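**Student:** Below you'll find the structure I mean.
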Amino acid sequence: MTLAGKRKAVAHLQSAFEMSERRPCKAIGCCRMTMRYKTTRADEAGLRQRMKAIAHERRRFGYRRLHVLLKREGYVINHKRLFRLYREEKLAVRRRGGRKRAIGTRAPMQLPAAPNDRWSLDFVSDQLTDGRRFRILTIVDDCTRECLALVADTSLSGFRVARELERLTIARGKPKTVVSDNGTELTSNAILAWADAARVDWHYIAPGKPTQNAFIESFNGRLRDELLNDIPRRR
């Protein structure tokens, strides 16, 4: 029986049978000090509302990434306390099943009007003749349609992406907005920390909607057609 249930049981026995507090506590095995305890927790209604709002906007984020975003907004909260609230509100991320479907809506993006207004990021995958796979990180300025970077490697983690973005911002300036899908590298804590430190707005497209990132998808199609598919496959 939970503590709340024991308190209700003691209150029922006291009201129904006109007992003192001592006898019901002894009967159900509950400490009298526990019955008289008054919580000193602060009101969590505002925190719960903000946590649910962020979880609704970014549905694939777990409690650890929500913790990062809440701290960025000035909330001082322990990760264990946040996990308790996260479970009570039933915000656990469900495992994907079947094909991807768009969930919910996202705020519409403004069209870029100048260079560095908005950058788009994505990955292109391919395979060498010896069977090893590699990926290319592509970064495009949505206003000028210029390819800002092509980073090819067999492994591109979130830390590597953040390092390349930092190098690129030093050379070309900082973007106002970065657009990407919800891949694990682009939703990692390393990327969240970089966006927070650089004060860059990071926009995630809806799952299963690559058309919301049309500039980088168009560039990736030309990159594969004009470069990757045209390279002689030599060892």
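**Student:** Consider residue 150 against the criteria (1) among the hydrophobic types (A, V, I, L, M, F, W, C); (2) part of a helix (DSSP H, G or I); (3) open to solvent by 30 Å² or more (accessible area, probe 1.4 Å): it satisfies all of them except one. Which criterion is unmet?
**Tutor:** With respect to (1) among the hydrophobic types (A, V, I, L, M, F, W, C); (2) part of a helix (DSSP H, G or I); (3) open to solvent by 30 Å² or more (accessible area, probe 1.4 Å), residue 150 is out only on (2).
Yes/no matrix, rows are residues, columns are (1) among the hydrophobic types (A, V, I, L, M, F, W, C); (2) part of a strand (DSSP E or B):
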| position | (1), (2) |
| --- | --- |
| 119 | yes, yes |
| 136 | yes, yes |
| 161 | yes, no |
| 207 | no, no |
| 218 | no, no |
| 223 | yes, no |
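**Student:** Has segment 165-182 got any residue that is under 25 Å from the mean Cα position of the chain (by Cα) and farther than 15 Å from residue 202 by Cα?
**Tutor:** Residues of segment 165-182 that are under 25 Å from the mean Cα position of the chain (by Cα), as a first pass: 165-169, 174-182.
If we keep only those that are farther than 15 Å from residue 202 by Cα as well, we get 167-168.
Within segment 165-182 (the criterion being under 25 Å from the mean Cα position of the chain (by Cα) and farther than 15 Å from residue 202 by Cα), the answer is yes, since at least one residue qualifies.
**Student:** Can I ask one more? Out of all the residues in segment 121-134, which are in a loop (DSSP other than H, G, I, E, B) and not hydroxyl-bearing (Ser, Thr, Tyr)?
**Tutor:** The answer is 128, 130, 131, 132.
For every residue, the table says whether it meets (1) polar (S, T, N, Q); (2) over 30 Å from residue 184 (Cβ atoms); (3) loosely packed, with under 14 Cβ neighbours inside 10 Å.
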site	(1), (2), (3)
15	yes, yes, yes
23	no, yes, yes
42	no, yes, yes
48	no, no, no
51	no, no, no
64	no, no, yes
94	no, no, yes
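**Student:** Could you please give the count of residues in segment 32-69 that are farther than 30 Å from residue 21 by Cα and among the aromatic types (Phe, Trp, Tyr)?
**Tutor:** 2
**Student:** Now a separate question. Looking only at segment 188-205, filter to residues that are in contact (Cβ under 8 Å) with a residue 40 or more places away in the chain and outside any helix (DSSP H, G or I); which one of those is most open to solvent (accessible area, probe 1.4 Å)?
**Tutor:** Step by step, filter segment 188-205, then rank; the result is 203.
**Student:** Now a separate question. So which of 185, 217, 166, 226 ends up being closer than 22 Å to residue 152 by Cα, open to solvent by 40 Å² or more (accessible area, probe 1.4 Å) and touching a Ser or Thr at 6+ places or on another chain (Cβ under 8 Å)?
**Tutor:** None of the others qualify; the one that does is 217.
**Student:** When you scan segment 44-53, do you find a residue that is over 22 Å from residue 88 (Cβ atoms) and touching a helix residue (DSSP H, G or I) at 6+ places or on another chain (Cβ under 9 Å), even just one? Lay out the reasoning, then the answer.
**Tutor:** Filtering segment 44-53 for residues over 22 Å from residue 88 (Cβ atoms) gives none.
Looking through segment 44-53, none of the residues is over 22 Å from residue 88 (Cβ atoms) and touching a helix residue (DSSP H, G or I) at 6+ places or on another chain (Cβ under 9 Å).
**Student:** Among (1) open to solvent by 50 Å² or more (accessible area, probe 1.4 Å); (2) not in a helix (DSSP H, G or I); (3) not small (Gly, Ala, Ser), where does residue 56 come up short?
**Tutor:** Among (1) open to solvent by 50 Å² or more (accessible area, probe 1.4 Å); (2) not in a helix (DSSP H, G or I); (3) not small (Gly, Ala, Ser), residue 56 violates only (2).
The values are calculated or read from the model by the stated rules, or taken from the named source; none is laboratory data. This structure is a prediction, so every number in the text was calculated from the model and none was measured. Here Cβ is always computed from backbone atoms with ideal geometry, including for glycine, and neighbour counts include all displayed protein chains. Keep in mind that these areas ignore ligands, DNA and RNA; they rest on the heavy atoms of the full protein, side chains included. Shrake-Rupley method; radii C 1.70, N 1.55, O 1.52, S 1.80 Å.
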